[in-house]
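Reading through the structure tokens given below for one structure.
The values are calculated or read from the model by the stated rules, or taken from the named source; none is laboratory data. On a predicted model such as this, the values are computed, not experimentally measured, just so you know. Using ideal geometry, Cβ is built from the backbone for each residue, glycine included, and neighbour counts are taken over all protein chains shown.
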Amino acid sequence: MTNSKKNTANLQINGKTLTLEIGELALQATSSILARLGDTMVLVTVVEGEERKDIDYFPLTVEYVERLYAGGRIKGSRWVKREGRPSDDSILIARLIDRSIRPLFPKEFKKEVQIIVTVLSVDGENSPDVLSIVATSAALAVSRIPWYGPVGAVRIGYVKEKDHATESGHEFLINHGAGESELSDLDLVITQLKDKTLMIEAEGLQVSEEIVLKAIERAQVENNKIINFIEDFAKKNGAKKETVTPNSEFANLLTRLEKSYKDEIVALVKNRVDKESGGDSSDLIDKIIQEEKISDPEFSIASKEVAKAVEYILFKHIRENTLKKGIRPDGRKIDEIRPISAKVGVLPRTHGSAIFQRGDTQALTVATLGSPRLEQLIESAEGEESKRYIHHYSMPPYSVGETGRIGVPSRREIGHGALAEKALLAVIPKQEEFPYTIRVVSEILSSNGSTSMASTCGSTLALMDAGVPIKKPVSGIAMGMVSNGDKYVILTDILGLEDFSGDMDFKVAGTDTGVTAIQLDVKILGLNIVQIKEVFERAKKARDFILEKMQGVIKESRKDVSTFAPKIEQIQVPVDKIGEVIGPGGRVIKNIIAQTGATVDVEDDGKVTISGTSEESVSKALEWVKGITKEVTVGETFEGEVKRILPFGAFIEFLPGKEGMVHVSQMSTGFVRNPMDVVSIGKKVKVKVIEI
């Protein structure tokens, strides 16, 4: 453990107290930090393991553990009370933390590092995600593990209406609570160094790029305070950092291979772009090992090291070509988008479908509409919530020409699905306008760069094909960068190869008027504000180009939903009329369902949702409910059906479930001795209300 003596430090952030504590909990971990904001508390533990010489990547794992006790809750299931697999939200927060810290570890460092964030308490006001990033930054800063941090992280909101601006008069909200979130047009989580941005995850209601840039600049002010705070905390409580020695053997191998095999390695670029033989370099690696052993019998470097060296030289060539000559692996211009094609209505029985293709990246997206009762219920420590728009993303192994496991979705699939969901959420109509639960699934049929943005475009097309009246179509693009010192080149629509060899993956989605989602990951020590501004400008141009292509396929949402989609109507009835709709023991509502074939759901606030496979059944049930809840007034006329006949008159059902009596004296202008002389059971008659 870094420090076994308890120590606490506080920092004020926008009127809230951030507390870091060390030296009391989890003392056998390499380092641990207890962090608090309001009544939200998280414990972050960092453990350094052994060096992994058998792998060519940095073995970092981040786990985000959310216990229901943190919010004073017990799992709702009757049979299982223990928390199960991590929720999608937990996985997404773990990814946020990972993306915020991974670029800052030395490339030569290969010891296992496991970070576990345990949420101990939530207050429903201060979100634990940003607090977890800050606490992780502090835990790494005080540990002996080499790391180029610390970093700061904040959540930024934006309020458009001046009337709702903060007390200081600013439009930006800093680490705002749940109540303020409802007023905000932007939800931006950002991790930064003192002058660079490392990670962005944002969702917006068609917010302009100018506003997002101002939000990033505003975040920098707060994050610099957090970084200074953690630096001071680490000076007082931190351990001496381990030194990392460069791998001289690997450096010698690079020199050796670059001298003898550079042309053959560079030739692999074409194979990787065209996916010839899967873009595999195994034959060349085998050849190198065999020839080197012949020339030097003592050559005993593992094939994994040779493969790593080949890839390093390959990526170095791609970067130099791009940076110095402006030549991309596939020959495109710096700002050129790959060929785009799209079509809708590709599946005959689904509610909406589309195929969107950009270069070799191909996404099939399918939209399914359902009753409001099919919305997703989510249970967390902060309570229960429901989702009526759901996006799922699937990327099977065949999409990259490989074999592999099929089963539980990976963290990457969950993350990409969530990004596409955010991108469309801003344009999904409200339930009052379109009372459906909407599920969209993107099947990635072929992958070569930016499948999440292809999913966003495909989802827009599928929703329009399904007749969902989205506010505006959304398109997305992935931007890349290659840099060397102050020199850099921004790339539009990156290939998979450019993602692997480049410095960033910067995804921007939005409509023609504003941004709806952003996701930034970097492999270098961050981007400055000038670079981010250039990305936004290039991305806007690319998004508009893609939107034009999409609208050439389908210009606006279809006027009607598919004939295979359920038909849904909603009506608001007075709360005191709910009992009449349901009836004693549910007899009335059961009768409506039995006789019309429609499904009727009644909520506590009086919202009645009627769904069915045919418009006729839904219309019949709707009229029935309207009839039950209608306030009848004297003087109204109805056509009703004779239900019962008694000696003194007949009972007429003039509205579904409502009867009135016509006295024998009111049946004719003349004397009527027997009501059956005038009416019979089942006869349709016109009646007028004369008294209630």
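Observations, loosely collected:
- Counting only helices (runs of 4 or more DSSP H) wholly contained in the range 509-623, the ones carrying 3 or more residues that are touching a helix residue (DSSP H, G or I) at 6+ places or on another chain (Cβ under 9 Å) and either closer than 23 Å to Ala426 by Cβ or among the hydroxyl-bearing types (Ser, Thr, Tyr) (or both) occupy 529-551.
- Note on the range 644-663: among residues that are part of a strand (DSSP E or B) and among the aromatic types (Phe, Trp, Tyr), the one that is nearest to the chain's Cα centre (by Cα) is Phe654.
- Listed conditions (1) surrounded by fewer than 14 Cβ atoms within 10 Å (Cβ to Cβ); (2) not in a loop (DSSP other than H, G, I, E, B) are all met by Thr669, apart from (2).
- Subset tally (residues that are part of a loop (DSSP other than H, G, I, E, B) and either small (Gly, Ala, Ser) or not assigned by TED's automatic domain parsing to the domain that holds Arg218 (or both)) for the range 13-39: 5
- Unmet criterion (only one of (1) touching a residue at least 24 places away in the same chain (Cβ under 8 Å); (2) touching a strand residue (DSSP E or B) at 6+ places or on another chain (Cβ under 8 Å)) for Val346: (1)
- When Tyr64 is tested against (1) closer than 30 Å to Gln220 by Cα; (2) free of Cβ contacts under 8 Å to residues at least 24 places away in the same chain, only condition (2) is not met.
- Of the residues Gly157, Gly76, the single one that is outside the structural domain of Ala418 (by TED's automatic domain parsing) and more than 27 Å from Glu210 (Cα to Cα) is Gly76.
- Spans of strands (runs of 3 or more DSSP E) in the range 294-403 with at least 1 residues hydrophobic (A, V, I, L, M, F, W, C): 340-344, 352-358, 361-370, 376-380, 389-394
- Test set (1) in a loop (DSSP other than H, G, I, E, B); (2) in contact (Cβ under 8 Å) with a residue 12 or more places away in the chain; (3) surrounded by fewer than 16 Cβ atoms within 10 Å (Cβ to Cβ) - Val679 fails condition number: (3)
- Only one of the listed residues (Ser32, Ser77) is among the polar types (S, T, N, Q) and under 26 Å from the mean Cα position of the chain (by Cα). That residue is Ser77.
- Condition check for Ile145: at pLDDT 95 or above, surrounded by 20 or more Cβ atoms within 10 Å (Cβ to Cβ), among the β-branched types (Val, Ile, Thr) and within 22 Å of the chain's Cα centre (by Cα): no
- Residue among Val65, Val46, Val42 that alone is assigned to a strand (DSSP E or B), more than 17 Å from Ser121 (Cα to Cα) and of a type in the set (Val, Ile, Thr): Val46
- Filtered residues of the range 210-265 (kept if among the charged types (D, E, K, R) and in contact with a Gly (Cβ under 8 Å, 6 or more places away or on another chain)): Glu222, Lys225
- Residue check, Lys487 of a type in the set (Lys, Arg) and under 15 Å from the mean Cα position of the chain (by Cα): no
- Just so you know, in the range 369-417 the residues that are basic (Lys, Arg) and at pLDDT below 90 include one that is surrounded by the fewest Cβ atoms within 10 Å (Cβ to Cβ), and it is Arg405.
- Taken together, Gly204, Gly149, Gly124 contain a single residue that is within 29 Å of Gln531 (Cα to Cα) and part of a loop (DSSP other than H, G, I, E, B), which is Gly149.
- Pairs, first farther than 25 Å from Ile55 by Cβ and modelled with pLDDT of 80 or more in the range 286-303, second among the acidic types (Asp, Glu) and in a helix (DSSP H, G or I), C-beta under 7 Å, six or more apart: none
- Subset of the range 657-688 [in contact with a strand residue (DSSP E or B) (Cβ under 7 Å, 6 or more places away or on another chain) and β-branched (Val, Ile, Thr)]: Val662, Val664, Val679, Ile681, Val685, Val687
- Some residue of the range 626-644 being in contact with a helix residue (DSSP H, G or I) (Cβ under 8 Å, 6 or more places away or on another chain) and more than 17 Å from Val689 (Cβ to Cβ): no
- Of the residues making up the range 1-12, just one is of a type in the set (A, V, I, L, M), under 14 Å from Ala139 (Cβ atoms) and in a strand (DSSP E or B), namely Ala9.
- Which listed residue, of Asp232, Asp263, is at pLDDT below 95 and either in contact with a helix residue (DSSP H, G or I) (Cβ under 6 Å, 6 or more places away or on another chain) or farther than 30 Å from Asp544 by Cα (or both): Asp263
- Within the range 639-692, considering residues that are among the aromatic types (Phe, Trp, Tyr) and modelled with pLDDT of 80 or more, the one nearest to Glu580 (Cα to Cα): Phe651
- Positions within the range 595-610 being small (Gly, Ala, Ser) and either within 18 Å of Lys658 (Cα to Cα) or touching a Gly at 6+ places or on another chain (Cβ under 8 Å) (or both), in sequence order: Gly597, Ala598
- Residue match in the range 616-624 (condition: modelled with pLDDT under 85 and of a type outside the set (Phe, Trp, Tyr)): yes
- Out of Lys214, Lys235, sole residue that is in a helix (DSSP H, G or I) and touching a Phe, Trp or Tyr at 6+ places or on another chain (Cβ under 9 Å): Lys214
- Any hit, the range 614-627, residues being touching a residue at least 60 places away in the same chain (Cβ under 8 Å) and buried (at least 16 other Cβ atoms within 10 Å of the Cβ): no
- For the range 552-589, the set of residues classified as in contact with a Lys or Arg (Cβ under 7 Å, 6 or more places away or on another chain) and either of a type in the set (Val, Ile, Thr) or under 21 Å from Lys658 (Cα atoms) (or both) consists of Val553, Ile571, Gln572, listed by residue number.
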